[in-house]
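Only the coordinates and a few stated rules stand behind these numbers; no lab work does. On a predicted model such as this, the values are computed, not experimentally measured, just so you know. Backbone-built Cβ (ideal geometry, glycine too); neighbour counts: all protein chains shown.
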Amino acid sequence: MKVLFLGTASGAGKTTVTAMYCRYLARRGVRVAPFKASNLSLNSYATSEGGEIGIGQAFQALAAGIVPVTDMNPILLKPGGGGRMQVVLNGKPCSDVTEGRPMDIAKATSEACKAYDRLRERFDAVVCEGSGSPAEINLRDRDIANIGMMRERNIPAVLVGDIERGGVFAALYGTWKLVPEEQRGLLKGFMINRFRGDPTILGSGIARIEEITGMKCLGVLPYADLRFPEEDSLSDSRGKMSGKDVSSAFLDNLDSLIGEAERSGFDFEALDAIAEE
Amino acid sequence: MDCIRKKVEEEVKRGTVGPDQSCPYHPSHFIGQDCTFCFCPFYPCEDEKLGKFIGSKRGKQVWDCSDCLFIHRKEVVGFVMEEIRRSGFGECGDERMAEIFFDAKERFWRRGRPVMVLGATSDAGKSVTVAAMCRIFHRRGFITAPFKSQNMSLNSKVTRTGSEIAMIQALQAQAAGLKNTDYHMNPILMKPKGDMVSQVVVEGKPLGDYDVRSYYSDFVPGPGRDAVRRNIDFLLDRYDIVVMEGAGSPAEINIYDSDIANMQAAEIADADCVLVVNAEWGGAFAYALGTVELIPEKDRGRIKGIIINNVRGDVEKMRPGAEELEKMLGIPVLGIVPHADVKLPSEDSESFRGSRTVGAGSVRVAVVKFPRISNFTDMDPLFLEDTAVVFADRPEEFEGADAIVLPGTKNTISDLEWMKENGIAAKISSMKGKIPIIGLCGGYQMMGSKLSDPNGIEGGSPSEIDGLGFFENVTRWEVYDKCVRQARGEIIATGGDVTGYEIHMGETDVREKPLFSLERFPGTVEEGSLREEEMLFGTYLHGVFDTQDFRRYFLSFVKGGRPVAESVDYQEYVDINLDKLADVFEEALDMDRMMEIVGAVR
């Protein structure tokens with residue numbers, strides 16, 4: 001099984017949804033691993049072999065019930081200020097890139113694919129997370145985690161739209177439209193995240209997006225005041241957290257999120273079907 | 001009428017004066033107005049585009065043209081002065097005056113041009129774009145007004161006629177150089193009370209409470225649409241340019257037909273639109289494309305430009321994407337606007353997520369972050385002093401605070417209960433007498449001994465609860481009525497100035513020493529509560545920190561009486577920042593193209 005969660009913007013909820021699906025599969029006995037080809041973050045985690053990966057993937061590995069390894073996030077970019085970024089490749093710092101000396105995208109993509117292939121070998125399911133928005137047309141040639149992985153490995157994808165700021169239908173449709181035609185067919189479904197209120201009010205809008213894009217709506221996730229690890233500095237969620245330690249508190253939060261999703265009619269079966277393709 | 005004629009005669013003798021800086025009321029309408037005809041030679045013109053009849057106190061109908069700007073336009077003054085002098089004032093009877101008025105109107109009256117700013121999301125930067133455009137047009141000599149048909153916000157302000165409008169429209173009016181802000185600029189204001197219910201304020205007065213469904217089914221199609229039409233017409237009859245602001249996204253296709261804040265308002269005003277997208281969270285091109293293409297064809301043609309806003313880093317990196325977007329949509333990108341580093345009051349709870357500290361000064365002011373916190377912009381002027389303001393919603397965050405503010409709230413009773421349950425009330429009580437504590441509006445009501453809501457007006461169901469007991473005061477909500485008025489006066493203890501405004505339901509029986517003496521016709525009234533030895537302060541006034549006198553007075557109680565930094569007048573400070581904001585936009589936007597879209601010429 002394989003699936004890629006793409007966001008319509010940063011902070012749309014990709015990291016959490018990826019963790020949620022990892023947890024969902026793991027609870028049903030599927031051997032699952034998270035994957036994010038490339039991550040831009042200063043929050044990193046040290047694996048047991050002493051490799052460095054984004055904190056989001058470590059958290060997702062916890063959700064999957066496995067030990068984090070560097071293959072889950074082969075490329076980590078750590079902004080160092082002044083336009084300088086440290087590239088961590090397969091867990092080890094490899095070089096600094098700057099505007100004048102950018103990253104070798106072809107090489108990075110090939111390393112990402114190798115890491116992905118290794119996970120596919122070892123696990124039944126690989127649940128992937130995209131990075132930022134896949135519709136940054138000014139950066140299309142440099143994209144690895146979204147369009148890059150779809151192109152190289154034909155991974156079916158699901159769009160996550162955040163409704164909290166409004167404009168979610170525009171974001172879903174616009175993102176779909178701006179994904180290059182060759183990859184657009186891989187966009188199989190979408191979901192609406194962080195909704196407050198009665199979801200039936202969204203019905204006509206969802207139907208319209210399904211009709212014009214051909215993507216299936218998997219569901220509407222209610223706004224959950226739960227705390228998850230922060231990947232970047234933009235989101236500032238605090239939310240509830242309780243339990244004997246941080247790990248079990250996160251797992252409890254994921255379980256209640258899955259419960260909420262199931263109660264609200266989230267279509268996990270359709271998601272499974274997309275991942276099985 | 002004779003007395004007005006006499007005044008006009010004096011005005012004609014004196015000649016053109018332009019903006020009269022020597023007048024204590026200047027500028028009564030807008031910065032740059034011509035004050036030559038303080039008394040209008042055409043009064044009462046009875047032209048319904050410029051004024052209306054209102055009932056006087058004695059029951060007579062009188063002509064009210066207090067919102068008319070026509071006679072304060074430079075070109076009108078020049079023409080009218082010349083015409084009157086040509087005929088000789090003595091020869092200008094009613095008939096000749098009416099003729100001059102007719103000619104002047106024929107020559108100079110034009111219906112204003114509307115332009116609408118839409119946002120791809122909440123927080124896209126619509127409000128600041130409108131503020132920037134108001135300031136740019138004002139600087140270019142256009143008499144400009146902001147307009148937002150419907151605003152959901154708990155930050156409101158009081159106009160000179162005692163109406164309530166959203167704080168942000170008042171700020172935009174300031175950007176436009178206007179002094180006569182009124183409800184026309186925000187005819188519908190929704191103030192969320194919790195549980196999906198909002199108080200709906202129409203044309204400055206509370207109409208009632210609506211939930212989402214009743215708002216869309218009962219209010220929007222009838223009174224809502226009418227209010228939008230009436231007020232946009234009002235502004236277009238008086239101003240050169242009306243910069244309209246949309247609400248949320250215009251592409252919410254599930255509620256498109258009942259959305260009066262976006263494309264329907266544009267249609268009513270026959271306005272062309274520009275779409276603002278916030279680049280900060282990524283996905284800006286997708287949001288822009290999706291928004292335009294999801295708007296039904298009949299309305300899509302109104303969108304004449306796109307603004308990519310709030311770009312951090314190199315704006316040139318966005319350029320190739322912007323060009324591709326232009327090609328796909330056939331709509332020009334008017335500019336890629338860098339993140340503007342300005343300090344202006346912000347509006348939504350959206351930009352207020354999470355707890356945050358503002359400022360890095362040495363005096364730590366903890367503000368209770370109520371779930372229904374309102375008018376949190378009251379705290380903005382504190383940033384001019386040596387403070388760090390923390391919005392706190394957990395008891396431990398009050399530890400080590402040098403001062404505490406209990407701000408306003410849309411629901412005093414439920415927020416007081418919230419504060420008691422989570423331990424903040426106990427924490428603050430334990431700090432009483434050790435550091436200065438001030439309650440503003442709802443926070444002031446909480447500081448009393450009892451709060452009684454026998455009809456469930458504030459809390460939803462009848463209740464009576466104990467306050468914090470810092471004051472002996474008792475607050476009661478008897479009737480669904482709101483006190484809305486501006487205030488000015490002095491701090492009793494120091495004689496310093498204070499200004500502000502009241503917006504509240506409920507009345508308080510004050511049993512404490514008063515804090516302020518306010519001017520209220522025909523004399524003065526006492527307001528607020530004070531226990532100086534316990535460092536407890538309470539007032540209904542919002543905006544109390546705007547004057548330096550009161551800021552300094554309050555902060556002087558901070559331990560050790562720490563000296564505070566030199567600071568400027570808050571309104572002046574806001575004005576400087578509005579200019580900076582306008583500079584950023586003017587620099588980034590294709591202004592020729594923008595002026596073409598607006599279609600206003602001078």
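Ordering A:Phe59, A:Pro222, A:Tyr45 by the projection of their Cα atoms onto the charge dipole of chain A, which places +1 on the Cβ of Lys and Arg and -1 on the Cβ of Asp and Glu, puts A:Tyr45 at the extreme positive end.
Restricting the calculation to Cα atoms, segment B:302-458 yields a radius of gyration followed by a Dmax of 21.5, 66 Å.
Within the listed set A:Val88, A:Val30, A:Val220, the Gaussian network model of chain A (springs between alpha-carbon atoms below 10 Å) gives the highest mean-square fluctuation for A:Val30.
For the pair segment B:467-517 and segment B:111-126, the centres of their Cα atoms are 37 angstrom apart. Each other residue within a Cβ distance under 14 Å of B:Asp226 adds +1 if Lys or Arg and -1 if Asp or Glu, for a net charge of 0.
Write out the trypsin sites (Lys or Arg not before Pro) in segment B:458-556 meeting two conditions: DSSP loop, and at most 15 other Cβ atoms within 10 Å of their Cβ. Passing both the DSSP loop test and the Cβ count: B:Arg511. Amide H to amide H distances under 5 Å link B:Lys432 with no residue, where only residues 5 or more positions off or on other chains count and H is placed in the peptide plane.
Helix B:284-294: angle to the longest alpha-carbon principal axis of chain B, degrees 0 to 90, nearest 10? The angle comes out near 60 degrees.
Charging the Cβ of each Asp and Glu at -1 and of each Lys and Arg at +1, and nothing else, the dipole of the protein assembly as shown about its Cα centre rounds to 580 debye. For chain A, a Gaussian network of Cα nodes joined below 10 Å ranks A:Asp252, A:Asp104, A:Asp143 by mean-square fluctuation, and the top entry is A:Asp104. Take the alpha carbon gyration tensor of chain B, find the square roots of its eigenvalues, order them as a ≥ b ≥ c, and report rounded if a/c is under 1.5; if not, report prolate when a/b exceeds b/c, else oblate. Judged from the Cα gyration tensor, chain B comes out oblate (a/c at least 1.5, b/c at or above a/b).
Using Cβ contacts closer than 10 Å as the measure, can you line up B:Phe137, B:Phe30 from fewest to most?
On the way: B:Phe137 28, B:Phe30 20.
The order, fewest Cβ neighbours first, is B:Phe30, B:Phe137.
Counting Lys and Arg as +1 and Asp and Glu as -1, what is the net charge of the other residues whose Cβ lies under 14 Å from the Cβ of B:Thr181? For residues surrounding B:Thr181, the net value is +1.
Between the Cα long axis of helix B:74-87 and the first principal axis of chain B there is an angle of about 50°, rounded to the nearest 10. Within the same chain, aspartates and glutamates fewer than 8 places from B:Lys450 are excluded, and of the rest, those with a Cα less than 15 Å from its Cα are B:Asp415, B:Glu417, B:Glu458, B:Glu464, B:Asp466, B:Glu472, B:Glu478, B:Glu507, B:Asp509, B:Glu512. Remark: B:Thr409, B:Thr387, B:Thr16 ranked as B:Thr16, B:Thr387, B:Thr409, counting other beta-carbon atoms within 10 Å and listing the fewest first. Each of B:Ile424, B:Leu530, B:Met447 was placed along the dipole of segment B:363-561 (beta-carbon charges, centred on the mean Cα), and the one lying farthest toward the positive end is B:Ile424.
In segment B:355-419, which GluC sites (Glu not before Pro) are in a loop and have at most 12 other Cβ atoms within 10 Å, using DSSP for the loop call? Each step should come with its number before you reach the end.
Working: sites: B:Glu385, B:Glu396, B:Glu397, B:Glu399, B:Glu417; in loops: B:Glu385, B:Glu399.
Answer by residue number: B:Glu399.
The stretch between B:Arg213 and B:Arg319, if pulled fully straight at 0.36 nm per residue, gains 33.9 nm over its current Cα-Cα span.
Approximating the spin labels as points 7 Å out from Cα along Cα→Cβ, the A:Arg27-to-B:Ser28 distance works out to 7.0 nm.
Would you work out if segment B:204-299 is rounded, prolate or oblate? Take a ≥ b ≥ c from the square roots of the eigenvalues of the alpha-carbon gyration tensor; rounded if a/c is under 1.5, else prolate when a/b is larger than b/c, oblate otherwise. Oblate, because a/c is 1.5 or more while a/b does not exceed b/c. From least to most packed, judged by other beta carbons within 10 angstrom and beginning with the fewest, A:Phe266, B:Phe521 follow the order B:Phe521, A:Phe266.
For segment B:363-561, the calculated P(r), taken from all Cα-Cα distances in 10 Å bins from zero up to the bin holding the longest distance, is 9, 39, 38, 12, 1 percent.
Per-residue shielding of B:289-298, expressed as the average number of other chain Cβ atoms within 10 Å of the residue Cβ, stands at 5.
Of the trypsin sites (Lys or Arg not before Pro) found in segment B:285-327, those in coil by DSSP whose Cβ has at most 10 other Cβ atoms within 10 Å are B:Arg312. Charge dipole (Cα centre; +1 on Lys/Arg Cβ, -1 on Asp/Glu Cβ; no other charges) of segment B:2-108 amounts to roughly 340 debye.
If Lys and Arg each add +1 and Asp and Glu each add -1, what is the summed charge of the other residues whose beta carbon sits under 10 Å from the beta carbon of A:Ile53?
In short, -1.
Computed about its Cα centre, the charge dipole of segment B:363-561 is approximately 180 debye, with only Lys, Arg, Asp and Glu carrying charge at their Cβ. Extension gain for the segment B:Asp497 to B:Gln571, taken as residue separation times 0.36 nm less the Cα-Cα distance, is 25.2 nm to one decimal. The distance between label points at B:Arg85 and B:Thr357 comes to 6.4 nm (points 7 Å beyond Cα on the Cα→Cβ vector). Here the sum of -39500 (n - 2.57) over DSSP H runs of 4 or more residues, divided by the residues of chain A, equals -11000 deg cm²/dmol at 222 nm, to the nearest 500. Approximating the spin labels as points 7 Å out from Cα along Cα→Cβ, the A:Thr98-to-B:Lys513 distance works out to 6.5 nm.
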